[in-house]
Amino acid sequence: MNLYLKNILRFCIIILLQVLILNKITLRWWSEPSGFPLFIPYVYPLFILLLPFETPVWALLIMGFLLGTTVDSFMNTAGMHAAATVLIAYLRTNVLSALLPRNLSEYSGQNPSIKNMGWMPFLVYSLFLILLHHLVFFTIELWNVSNLGFLLLKVGAASITSMLFILVYLLLFTRQSSYRA
């Protein structure tokens, strides 16, 4: 399948999954005093994480902005998702360079995945960027750090839940026969 078509299809599937299913899930590991649900699991940053290794930073920034703006338009969050997604898109190449033993140009035509990176490097890569995304998003959402413990608890719970959903997505939509331990 054409690389562009594959990524457009992935974009649509992840957006539909986020907007139609995950945005309806309200997880209450604990409740705020006002009784509102605490967080929604966000898996849409996975689109940025799975783009090919050789994707230039300028293209990552544009796609991150489009992805974040699309989610913002469905959730009425006025650019909060776009800001967090653009940041992880900007840092993605540096995180990959730090984790991989070879230069990124040597991974021509490949995507970051469990198959190409192994379980541990991929989990570290995705968890770091998901944590960063959630930290930025929830800091903007709360707009203060006066209750730092509450913010960190919210970021941690949302990141763990999002990573679980991301792992389920990866196990459902990737071939398992070629994984290496």
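Observations on the structure shown:
- Matching helices (runs of 4 or more DSSP H) fully within the range 66-181 where at least 2 residues are of a type in the set (S, T, N, Q) and over 15 Å from Phe47 (Cβ atoms): 80-99, 148-173
- Residue within the range 126-136 that is under 22 Å from Ile88 (Cα atoms), of a type in the set (Gly, Ala, Ser) and at pLDDT 90 or above present: yes
For every residue, the table says whether it meets (1) open to solvent by less than 50 Å² (accessible area, probe 1.4 Å); (2) closer than 23 Å to Leu170 by Cα; (3) touching a residue at least 12 places away in the same chain (Cβ under 8 Å).
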| residue | (1), (2), (3) |
| --- | --- |
| Ser97 | no, yes, no |
| Glu106 | no, no, no |
| Pro121 | yes, yes, yes |
| Tyr125 | yes, yes, yes |
| Glu141 | no, no, yes |
| Asn147 | no, no, no |
| Val155 | yes, yes, yes |
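- Filter result for Tyr107 (over 19 Å from Ile13 (Cβ atoms), among the hydroxyl-bearing types (Ser, Thr, Tyr) and under 16 Å from the mean Cα position of the chain (by Cα)): no
- Scanning the range 82-95 for residues that are at pLDDT below 95 and either open to solvent by 50 Å² or more (accessible area, probe 1.4 Å) or in contact with an Asp or Glu (Cβ under 8 Å, 6 or more places away or on another chain) (or both) gives a single hit, Asn94.
- Boolean, Ser113 is surrounded by 15 or more Cβ atoms within 10 Å (Cβ to Cβ) and modelled with pLDDT under 90: yes
- Condition broken by Ser159, with the remaining ones in (1) of a type in the set (Ser, Thr, Tyr); (2) open to solvent by 10 Å² or more (accessible area, probe 1.4 Å); (3) without any contact (Cβ under 8 Å) to a residue 40 or more places away in the chain satisfied: (2)
- Test: residue in the range 70-82 that is among the hydroxyl-bearing types (Ser, Thr, Tyr), in contact (Cβ under 8 Å) with a residue 12 or more places away in the chain and out of contact with any helix residue (DSSP H, G or I) (no Cβ under 9 Å at 6 or more places or on another chain): no
The values are calculated or read from the model by the stated rules, or taken from the named source; none is laboratory data. Computed from a predicted structure; not experimentally measured. Glycine gets a Cβ as well: all are built from the backbone with ideal geometry, and neighbour counts include every protein chain shown. When the accessible area is computed, the model is the full protein with side chains, heavy atoms only, and any ligands, DNA or RNA have been set aside. Shrake-Rupley method; radii C 1.70, N 1.55, O 1.52, S 1.80 Å.
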